[in-house]
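Asks: This is the structure I want to talk about, given as structure tokens.
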């Protein structure tokens, strides 16, 4: 049996695990003073990783039961799920024996794998993981002769002069709003995505098309809410009943538990229902 960690009795929450894991520092690109701005997003990611681990564990346990006839006691650790999620950074530290030090965007060794800001202030992310493969599409989208400098002709050259390339792209991208870059990138086949806030996501065409939102029935009418990310193609899911209002079924539950109407009324008068 796994030994109980010494801090097991301590309070646990996604934000605390995120801070302990180092995810805050990693997400803030070394700007620890601004780390608080990324705690919520990183904490949500750690929580999602823990949920995914639990779901995978339950699925594996069900398969094991089907194969062996024996049930399983499944647990999932919030901290360990976060360590697994940050496996690349943690394994790098394990192998090299040195702390992971995130770089600033101005120091990106691959300028095509970086964030930039358009002229209207909207940030976006380039995903040019293969520097030479993704360089030509970018040149089609950004017809600026300065990018055709011989020093920037190869991935190695752009890595050597990365600061210059990033500074040049900063200047170019600041010359037009995100809508113009969106059209240019899509036409040229550039891999990219806007850096959006949750409110922006509500009107995102891709999110809408993917079924990220669903109409949920409520006492006062239907409400748009976040949908489950899982679909079952053989048995499509749907919402079969509305979410109850706060305390809507309190009396019904108390009656099922053996209370009579006199007892229910007394509890209500005593303020037990809030």
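The values are calculated or read from the model by the stated rules, or taken from the named source; none is laboratory data. The structure displayed is predicted, hence computed values, not measured ones. Note that each Cβ is placed from the backbone with ideal geometry, even for glycine, and that neighbours are counted across all protein chains shown.
Asks: Keeping to the range 120-152, report how many residues are surrounded by fewer than 15 Cβ atoms within 10 Å (Cβ to Cβ) and assigned to a loop (DSSP other than H, G, I, E, B).
Replies: Of the residues in that region, 7 qualify.
Asks: Further, regarding this structure: Please specify each residue of the range 187-201 satisfying the condition of being out of contact with any helix residue (DSSP H, G or I) (no Cβ under 8 Å at 6 or more places or on another chain) and either surrounded by 15 or more Cβ atoms within 10 Å (Cβ to Cβ) or in a strand (DSSP E or B) (or both). Write out each step before concluding.
Replies: Step one: of the range 187-201, the residues out of contact with any helix residue (DSSP H, G or I) (no Cβ under 8 Å at 6 or more places or on another chain) are 193, 195-200.
Once the filter is applied, which keeps residues that are out of contact with any helix residue (DSSP H, G or I) (no Cβ under 8 Å at 6 or more places or on another chain) and either surrounded by 15 or more Cβ atoms within 10 Å (Cβ to Cβ) or in a strand (DSSP E or B) (or both), the range 187-201 yields 193, 196.
Asks: Given the options 244, 229, name the one that is assigned to a loop (DSSP other than H, G, I, E, B), outside the structural domain of residue 51 (by TED's automatic domain parsing) and within 30 Å of residue 123 (Cα to Cα).
Replies: 229
Asks: Between 251, 180, 215, which is more than 30 Å from residue 127 (Cβ to Cβ), at pLDDT 85 or above, within 28 Å of the chain's Cα centre (by Cα) and outside any loop (DSSP other than H, G, I, E, B)?
Replies: 215
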